[in-house]
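Data first, discussion second: the structure below is written as C-alpha cells.
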Amino acid sequence: MRRRLIKDALIRSACGIFAASAPFFLIAVLLVMLVFAWPSILFNGARFLWSVPWSVGDLYSGATIVHNGITAPKGAEYGMLVFLVGTLLTSCVALVIAIPLSLGAALFLSEIAPRRVASLLGALVELLSGVPSVVFGLWGFEVVAPLVRSGIGPVLTRALGFIPLFRGPVGTGVGLLSAGIVLAAMVIPIITAVSRDVLQNVPRDLREQGIAMGITRWELIRTIVLPHARSGINGAVALGLGRALGETMAVLMVSGSAVNYLPRTVYSPVGTMAANIVALLDSAMTDSTGMALHALAEIALVLFVVTLVVNILVPVVARGMVRLSALLPTAGGEAGR
C-alpha cells in the first residue's frame, strides 16, 4: 500500500513538472528576448513601433552616436512599422483565402464524404501540414508569383481596378498577394484538420434530433453543427493565424522583403517581421556596436508578444461569442412571452 502511495505521488509530481514546463519555457524565452532587446528599447523608445526608416548607419567610418547611454553607428535608424504592417496584411490575406476553403473542406470531410473517402482525404490533409515551409516557398516563387504576374493580377486589376488596393501595375508577381496565397496554402491544412475534428465531435444526439424534425442536411449543418462547433473552429483559425504570423522562409521567398517601403496595393513588395529578421541578419552582424542585432531582437520580441496575444484573445472572444449566442435566444423568448 505504501509503495503504491509513493508511486502515485511520484507520478503526480512528474505530471506537475511536465505541465509547468510549458509556461516556464514561455517565460524564459520572453525574458531572454527582453534582455537582448533592452538596448534597442532604450535607444529607440516607443517610436520604434511606428517609424518607417530602417538603416544600420555608417559601419565603416567608425563614427558613433550615443543615446540613453547606448552606442550605435552614426546615421543608424531603426523602425519596424513596415514589418509590422507587412505581417498583418499578409496574415489577413491568407485568412481571407484560407478560412472559407478550410471550413468547406472540413464540412465535406466530416458531414458529406463517404467514410473511406473522408479517411483518405483527411490523411492527405494531415500530411500536407507537415510539408517544410521552404517547399511552399519554392512553389510560390516558381508557380504562384508567375501566376499572379500573368493571370490573377491582370484579372483583378481589370475587375477591381476602381479600388485603390487592386490598381496596377502588377509588377513581377512577387509581393503581398503572392505571400498571402502561399501562407493560405500553409494554414489551410491546419485549420481544416482541427475544424474537422471539432465538427466530428458534435454530439450525435443533436444531429439525430435535427433529423427527427425533418430538416435538410444543410439546415442541420447551419443551425446545429456549426453553432455547436463555433468555439473550436475559432481556435483552429487562431492556430492558423499563429502559423501565418510567424512564417519565415516561405514568405521571404515570395514577399519581396521590402525595407523602408509601405505597401500601396496587393501587388506591392512587403516585408514581414519574421522574414526580415532573417533577411537583415547578415548586415546586422557587421555592426560592431551590436545595435542592429538588438533592434532585430526587439522585432522578434514584438512578434512574440503579438502571436501570444492573438492566441490568448481569440479563444476568449470565441467563448464570449458562444455565451452571447446562447443568451440571446433566451432573452428573445422571455421578451416574447
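Miscellaneous remarks
- Qualifying residue in region 53-67 (condition: surrounded by fewer than 21 Cβ atoms within 10 Å (Cβ to Cβ), under 30 Å from Ile181 (Cα atoms) and under 24 Å from the mean Cα position of the chain (by Cα)): no
- For first residues located in region 203-226 and closer than 17 Å to Ala106 by Cα, partners that are of a type in the set (D, E, K, R) and surrounded by 10 or more Cβ atoms within 10 Å (Cβ to Cβ) and lie 6+ apart or on another chain with Cβ distances below 9 Å form the pairs Arg217/Glu111; Leu220/Glu111; Leu220/Arg207; Ile221/Glu111; Ile224/Arg207; Val225/Glu111; Val225/Arg207.
- For region 137-149, the condition of being under 27 Å from Leu303 (Cβ atoms) and aromatic (Phe, Trp, Tyr) holds for at least one residue.
- Pick from region 280-289, criterion surrounded by fewer than 17 Cβ atoms within 10 Å (Cβ to Cβ) and in contact (Cβ under 8 Å) with a residue 12 or more places away in the chain, ranking: farthest from the chain's Cα centre (by Cα): Ser288
- Positions within region 97-148 being modelled with pLDDT under 90, more than 22 Å from the chain's Cα centre (by Cα) and among the β-branched types (Val, Ile, Thr), in sequence order: Ile112, Val117
- Leu30 under 23 Å from Thr248 (Cα atoms) and out of contact with any strand residue (DSSP E or B) (no Cβ under 6 Å at 6 or more places or on another chain): yes
- The set of residues from region 246-257 being surrounded by fewer than 22 Cβ atoms within 10 Å (Cβ to Cβ) and closer than 21 Å to Ile97 by Cβ comprises Gly246, Thr248, Met249.
- So Ser268, is it of a type in the set (S, T, N, Q), over 19 Å from Ile299 (Cβ atoms) and either at pLDDT below 90 or more than 14 Å from the chain's Cα centre (by Cα) (or both): yes
- Residue within region 146-156 that is charged (D, E, K, R), at negative phi and surrounded by fewer than 17 Cβ atoms within 10 Å (Cβ to Cβ) present: no
- Residue within region 258-272 that is of a type outside the set (Lys, Arg), surrounded by fewer than 19 Cβ atoms within 10 Å (Cβ to Cβ) and part of a helix (DSSP H, G or I) present: no
The values are calculated or read from the model by the stated rules, or taken from the named source; none is laboratory data. Since the structure is predicted, the reported quantities are computational estimates derived from the model, not experimental observations. Positions of Cβ are backbone-derived with ideal geometry, glycine not excepted, and every protein chain shown enters the neighbour counts.
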